[in-house]
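Below: one structure, written as structure tokens.
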Protein chains: 4
Amino acid sequence: MTQRSDATPSPVHLEAVDAPGQPTPSAALDELYRSFEKELLVPLWTEIGDLMPAHPQSKAQPHLWRWNDLLPLAERAGELVPVGRGGERRAIALANPSLGGRPFVAPTLWAAIQYLMPGEDAPEHRHTQHAFRFVVEGEGVWTVVGQDPVPMRRGDFLPQAGWNWHAHHNATEKPMAWIDGLDIPFQYSAEAPFFEFGRERLSDAEHGTPDRSRSERLWGHPGLRPLASPAGGRGTPLLAYRWEHTNRALADQLELEAEGHPGTVEPGHAAVRFCDPSTGSDVLPTIRAEMHRIRPGVQTQPVQEVGASVYQVFDGSGTVTVGSQRWTVTRGDLFVVPSWQPFSVRSEAGSSDSDSGSLDLFRFSDSPIFEALGLHRTHEPTR
Amino acid sequence: MTQRSDATPSPVHLEAVDAPGQPTPSAALDELYRSFEKELLVPLWTEIGDLMPAHPQSKAQPHLWRWNDLLPLAERAGELVPVGRGGERRAIALANPSLGGRPFVAPTLWAAIQYLMPGEDAPEHRHTQHAFRFVVEGEGVWTVVGQDPVPMRRGDFLPQAGWNWHAHHNATEKPMAWIDGLDIPFQYSAEAPFFEFGRERLSDAEHGTPDRSRSERLWGHPGLRPLASPAGGRGTPLLAYRWEHTNRALADQLELEAEGHPGTVEPGHAAVRFCDPSTGSDVLPTIRAEMHRIRPGVQTQPVQEVGASVYQVFDGSGTVTVGSQRWTVTRGDLFVVPSWQPFSVRSEAGSSDSDSGSLDLFRFSDSPIFEALGLHRTHEPTR
Amino acid sequence: MTQRSDATPSPVHLEAVDAPGQPTPSAALDELYRSFEKELLVPLWTEIGDLMPAHPQSKAQPHLWRWNDLLPLAERAGELVPVGRGGERRAIALANPSLGGRPFVAPTLWAAIQYLMPGEDAPEHRHTQHAFRFVVEGEGVWTVVGQDPVPMRRGDFLPQAGWNWHAHHNATEKPMAWIDGLDIPFQYSAEAPFFEFGRERLSDAEHGTPDRSRSERLWGHPGLRPLASPAGGRGTPLLAYRWEHTNRALADQLELEAEGHPGTVEPGHAAVRFCDPSTGSDVLPTIRAEMHRIRPGVQTQPVQEVGASVYQVFDGSGTVTVGSQRWTVTRGDLFVVPSWQPFSVRSEAGSSDSDSGSLDLFRFSDSPIFEALGLHRTHEPTR
Amino acid sequence: MTQRSDATPSPVHLEAVDAPGQPTPSAALDELYRSFEKELLVPLWTEIGDLMPAHPQSKAQPHLWRWNDLLPLAERAGELVPVGRGGERRAIALANPSLGGRPFVAPTLWAAIQYLMPGEDAPEHRHTQHAFRFVVEGEGVWTVVGQDPVPMRRGDFLPQAGWNWHAHHNATEKPMAWIDGLDIPFQYSAEAPFFEFGRERLSDAEHGTPDRSRSERLWGHPGLRPLASPAGGRGTPLLAYRWEHTNRALADQLELEAEGHPGTVEPGHAAVRFCDPSTGSDVLPTIRAEMHRIRPGVQTQPVQEVGASVYQVFDGSGTVTVGSQRWTVTRGDLFVVPSWQPFSVRSEAGSSDSDSGSLDLFRFSDSPIFEALGLHRTHEPTR
């Protein structure tokens, strides 16, 4: 061996076991395994069941975080933790209980609650990680992407493709919370991330508080591409997907269904995907985002899919089943569906107090990674 | 919280430290951190340096495995370890010393030496993991892919895209060793793998020992596509890239350079990439494979690249530099270049005893993953 | 010769001329040319100047059709010409004066005024030719595409990709005129067209007069893709691009310019392209469509482009220059810009009586054909 | 009207006829038609049968040109017609008898016999038209593309994508003939062509007579891409497809069939397509090229296809059916299959005197145009 002195203990530990598909234990086999350890070698035959399962066996587990637990802790962090260069963001991430205490809601995805106090700025930086904001309640913060201030309000989805400069600015007298989704764990495990600090403070113009971003004025018109804008590269040029449009699109689908026309994913289940208007593809190269609306009292079909999804209840309430877990959920609650775990939901039947009368679920996932590489699969067991 | 009893210790462990970018330690902050732990939350500000570095900081380290150490252990495994259903393959994987003893040469890549005794069959199976074989010495095994027996000989590169049925068959009186490369760690961490067992034994026809595979007869002619073959999907339809072609292509590039024409990557450095003839793209959706030839006495420029590469010396000898490591290498030696580590090589100046008189390096990497997702970057510091 | 009796006169006629690049006339050359004629052969050297010019030399010429001339003739056709099976449509096409009296506004494009009387139906059919409608004035007709009735109103752009069943239905008490654009000449000269007759009459449901089409309810929300809809094939799933959106997008660009931000094509010149929301590409595989708005008193830069464009003045007035032609144009006027002819426009400076105060120009072209084949070029001589 | 004085006779001529789908003739209709003529308008209802047929109705007709008729005329042109600047090439084009005596073998395609005398150079130029050479007999000319001399020999296919500089050089003591295929008529009718003259004479290096081109040394190895070469744009970087490879690929397919494996298009019919090795796509953006081999005595199934094809018999003989035409053909004969005309062939049963014992047919077509635009269709009536 070359770099390791014989004194360094090997990280490889092998044990001969008497089991089907395994070589018969013997002193000679033990000796071979010791040599493997010394030379940093691991046989396939002891690992194949873990590494090459019949179908994905997620290291993550289904888990639920309640908004009513999260929000007070974010508020408390607002009091105790300043926002500034170095820490960069007052963001508190969901840590899947099976992933070793790391801030990974799933092996590929990051989900956090971010919190900004009145008048605060979160400093400018950029990174290759793709990101979005989603607002379940409140307003008053502007995300400043490439010097374009983008207002954030309840129901808005605000993507921001990697390597764009961005900062946040709370221009109001009230604190605001929202959720951040990123592909931090994916880029961490695949080893691709780059990061740069930006300017120390925003200009007065960026502290402006416009009602619409410049990106929306260029790209927010259905089916219309601004001739002056470059063809676009990685990730959407549209920086805000407003609730009024999402809400209307979902209502339209349910209305079409009521009139007897196609439009819904399955009976009583409307859904839209947030897309890059310059390509029609997913809004970010590694992250898919969607809004689902389930009519009251509807039970969706179970679905299994390669890759992880995170859901936040935007409105209404219902009962969610993920693998062997079942939870009753309500506005703001967040849960994760690990790879290949069956997922279904039943919306509350009675008189919902949600705006739409239905259960509205925001979803994001890592599906574009698998589709780009030809590894995506879905299965609907009961169909 | 919902699924965890308060008695279960949290996997999250947070500690307030007095450091730039961190909130000032206090009893109140401690209390907040305890609540984060209880609710399975982790702040960004304690993790950002690790998760969002200025450039990729690989968890893997540069490492070298010597062929002269590997081959005797594979031979010994040939005596002690049977090949059959369950263990599936007599394959022994390189374990990067920094990756916890797992059989991962890099966070995304698997590299193993496989060994088959005279008359042995490795059983048929299929999996979504993409794979290839590369032969540094010997011959006599046929890889049977989709019932097409493909002979394996020194210098041959034999890719096999995911979800194709495959088995191996040693039709000779001599054992044979070769290396396997797969994307097992990537699919393991992204949670995409599927696997199925195949038939218990191959047919007599598949035990045939043709000199060329059917795939080569259809797809092995330069620039010619068989009209009868489907347009192709994921991964190359050509199952063998023969050394005679690779060797001639490299010789042609150096000859062009000698005549004063473009052709080489840099002075004295020829290189070809193995490609899917139906698309011109990388031979596998997640794995790039190349052969490099360095004229005697040539020093290549250092290069940094997102993603990991594994090299095997096919012929000749030289000195390799990876980050702060430097090794003298010779035929069969394998080493790994982790993400963003600078890599360069100097070929031996004197009278090489290699076939080509040069240093020939086989390389494979995970670059297609990053290119598909827009995350690929390279840097040549001294240019 | 094989199929032609010697008695049939050859369509080939060759004449030896004494000119640079031509062989010296002689009796022997004459004899050779007679043999060429007999064998149906034509030498390159007599044709190269015409066939392979330094840049495109259009067979078409710039030409203007005035709305005030067209509309009365369409009205008169409404009185004299019934609409029904066989003739199919009361459409009257613009015939470029240099194209032999064929109904080709340009070598690749068809432009016609169509006219439907109160209560009339234009019968259902489908064809591979791609088509759109554009409405410069009036309302009251529903285009029924795939059984989805789509209302047509001033300013609306209504594309309809090839091979979709379609009919038109005037549900009101007033006649209505609009323009049709198609790639009929392109498919005619390339020899690709297919055509089928549809049902003899529409259903009652298709005679409905909804305010929005079903396609708009599914696809008309900015950046939102309906999950239930197929990924889409050739041509946009969105059947109507409404004036309210187009108008606002153009106003937004001029507003951005006024605030000092990028957004316009050149100073005072806003423009949007109608796009397929499922791909971000041109709305039809062979036809590009755009709306341009020129602030009062602005002179645009001349542009040359491979391929032909047809413009209709939607609002305002101005002076248009195409090659050596110059016209003053106003609402409804149509003109053609042949391939590679320089085009520029000056909007009327004074108090325009248009809705927007500006000159609004609808444009369609054959650019997607050239872009798909790598033959597109533009040139801006004065920049 | 705007540009035309009333004195100019209109190119439009309309006649009212009493026929189904036509308006009833009347004095009023006559008056309307006169107004249409004056205003350069043509109604759809008089033209629809011609412009929008049920399926493509080619303006071209099937036709055969015999090599034994062509070659002597080319030889005679070699004596009478010099090659030089202005005329550019001693190329004699096939003129379809239904296309008005223009040098168009089909509405989109050009096919010519080119002839170069000993020691002659055809001058350097470039054009956007895509081109290839195919050699049915002889050798001794080098096509110099981008200063890379490419030898031409029997059976070789030599493509040359648009806008590459090129010249021809006969370095031997014997004249040589070959055929040229281009998309001249397509670019002429679509109005896209550009052309530039090159240098007046080639350098000594370009007058070299290498056995292989530089392009083959870089790109002529199966499945291997040179790392140093740019990713490539429009059209293949490989400038010669050698007969030895084509011949072997066809033989391999028939051998696979004889062994009971898939490989041929239909029984006894092998075929390869010439492809761009950097993309796997057609060798030129507008032209497809293939070689077909029919075993002796085999009758192929009739096929109809959108777009035109031109065939040259490379070897053997047989009977060809195109629409209602039937010819016996032999080496060198050229024939055209217009759009949507059924095509089939029967190879000669007896003891062929061809090299392969079979009928070998070279084919080129305009299919990539239709595939790029979604207009391609095929039909096999008897299957």
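Throughout, read-outs are computed from the coordinates displayed, never taken from laboratory work. On a predicted model such as this, the values are computed, not experimentally measured, just so you know. Backbone-built Cβ (ideal geometry, glycine too); neighbour counts: all protein chains shown.
Each distinct pair of alpha carbons in the range A:240-376 adds a 1/r term; the inverse of their mean, the Kirkwood radius, is 15.4 Å. Taking the three principal axes of the alpha carbon atoms in the range D:164-240, the coordinate ranges are 38, 37, 24 Å, sorted in descending order. Label point of residue D:380 (7 Å along Cα→beta-carbon): distances to the other copies' equivalent points are 3.4, 5.0, 5.2 nm, sorted ascending. Over the C-alpha atoms of the range B:1-102, the Rg to Rh ratio, Rh being the Kirkwood estimate, stands at 1.22. Averaged over the residues of peptide A:275-284, the number of Cβ atoms from other protein chains lying within 10 Å of each residue's Cβ is 5. Phi angles of the range B:146-155 translate, via the Karplus equation with coefficients 6.51, -1.76, 1.60 and θ = phi - 60°, into HN-Hα couplings of x, 6, 10, x, 10, x, 10, 9, 3, x Hz per residue; Gly and Pro are given as x. With only Cα atoms counted, the range D:35-85 has Rg and Dmax values of 22.1, 56 Å.
Averaging 1/r across all pairs of distinct Cα atoms in the range D:319-383 and inverting the result yields a Kirkwood radius of 14.0 Å. Across the copies of the chain, residue A:255 has label points (7 Å from Cα along Cα→Cβ) spaced 2.5, 6.7, 7.2 nm apart, shortest distance listed first.
Taking N as the residue count of the range B:226-300, its C-alpha radius of gyration divided by 2.2 N^0.38 Å amounts to 1.30. Between the Cα long axis of helix D:243-258 and the first principal axis of chain D there is an angle of about 80°, rounded to the nearest 10. To test your reading of the geometry: what angle, between 0 and 90 degrees and rounded to tens, separates the Cα axis of helix C:67-80 from the longest principal axis of chain C? Value to nearest ten degrees: 80.
When only DSSP loop residues count, what GluC sites (Glu not before Pro) in the range A:178-236 have their Cβ near at most 16 other Cβ atoms within 10 Å?
A:200
In terms of distances greater than 25 angstrom between alpha carbons, the cross-link table entries A:59/B:38; C:38/C:59; B:38/B:59; A:38/B:59; A:174/B:38; C:59/D:38 yield C:38/C:59; B:38/B:59; A:174/B:38. Shape analysis of the range C:86-140 based on the Cα gyration tensor places the equivalent ellipsoid semi-axes at 23, 14, 11 Å, largest first. Adding -39500 (n - 2.57) for every DSSP H run of four residues or longer, then dividing by how many residues chain D holds, sets the calculated 222 nm ellipticity at -5000 deg cm²/dmol. With point charges of +1 on the Cβ of Lys and Arg and -1 on the Cβ of Asp and Glu, referenced to the Cα centre of the range C:1-52, which listed residue (C:52, C:23, C:35) lies farthest in the positive direction of the dipole? Positive-most Cα among the choices belongs to C:35. Taking the Cα centre of chain C as origin and assigning +1 to Lys and Arg Cβ atoms and -1 to Asp and Glu Cβ atoms, the resulting dipole is close to 360 debye. Counting only Cβ charges, +1 for Lys and Arg and -1 for Asp and Glu, the dipole size of the protein assembly as shown around its Cα centre is about 0 debye. Sorting the segments B:278-288, A:102-112, D:248-258 by their mean number of nearby beta carbons within 10 angstrom, highest to lowest, gives A:102-112, B:278-288, D:248-258.
Under conditions of 4 °C and 1.567 mPa s, the protein assembly as shown yields 36 µm² s⁻¹ as its translational diffusion coefficient, taking Rh as the Kirkwood radius over Cα pairs in the Stokes-Einstein equation.
What separates the residue C:13 label point from its copies, with the point 7 Å along Cα to Cβ, is 1.7, 9.7, 9.8 nm, written shortest first. By the equivalent-ellipsoid construction on the alpha carbon gyration tensor, the range C:32-159 comes out with semi-axes of 40, 17, 15 Å, ordered largest to smallest. Please work out, to two decimal places, the log10 of the ratio I(q)/I(0) at q = 0.07, 0.10, 0.11 Å⁻¹ from a Debye calculation in which every Cα of chain A carries one identical scatterer. These q points yield log10 I(q)/I(0) values of -0.38, -0.72, -0.84.
Around the Cα centre of the range C:1-52, unit charges on the Cβ atoms of Lys, Arg, Asp and Glu (plus for the first two, minus for the last two) sum to a dipole of about 160 debye. When the alpha carbon gyration tensor of the range D:1-52 is reduced to an equivalent ellipsoid, its three semi-axes come out at 22, 14, 7 angstrom, largest first.
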